[in-house]
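Just so it is clear, none of the values below were taken in a lab; they were calculated from the coordinates. The shown structure was predicted, so the numbers you read here are calculated from the model rather than taken from an experiment. Cβ sites come from the backbone with ideal geometry, for glycine too, and all protein chains shown count toward neighbours.
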Amino acid sequence: MHPIYVVLCRSMLALSLGGNMSTPPIFILVIYDISDDSRRNEMAVALKRLGLTRVQRSAFIGPSSSALVSDVKNVSRRIIDLETDNVQIYPLTQASYNMRIVIGRELFRDDAAAGGYLV
């Protein structure tokens with residue numbers, strides 16, 4: 001078996017687990033690059049079941065909590081091929097979320113009032 005390397009930014013882990021910071025994250029953004037269609041579809045279904053909302057084909061957003069981050073990590077490890085696929089979890093503060101720029105159609109319009117720029 002090949003060794004599995006997990007790249008983890010410590011500051012992002014601390015943020016996602018509620019570590020000290022001036023503004024706590026309110027969302028997590030989950031993005032993935034999964035080569036196999038069936039695994040990719042399984043991942044999308046699993047993220048929806050966890051309560052995340054699709055914002056692009058391979059990107060989901062949801063409320064930030066250490067429990068949700070843990071669930072996403074566990075589901076990801078179960079579904080993906082660790083040798084070829086990639087899942088990334090980013091904590092987002094309200095300020096960083098409000099600074100997002102959407103070019104084209106926003107996929108979940110109910111949240112448009114929360115901020116951001118539609119170009």
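Of note:
- Difference of contour (0.36 nm per residue) and Cα-Cα distance, Ser66 to Ser35: 8.4 nm
- Between Arg105 and Thr84, the FRET efficiency estimated from the beta carbon spacing at R0 = 41 angstrom works out to 0.85.
- Exposure proxy ranking, count of Cβ atoms within 10 Å, fewest first, for Ile31, Ile101: Ile101, Ile31
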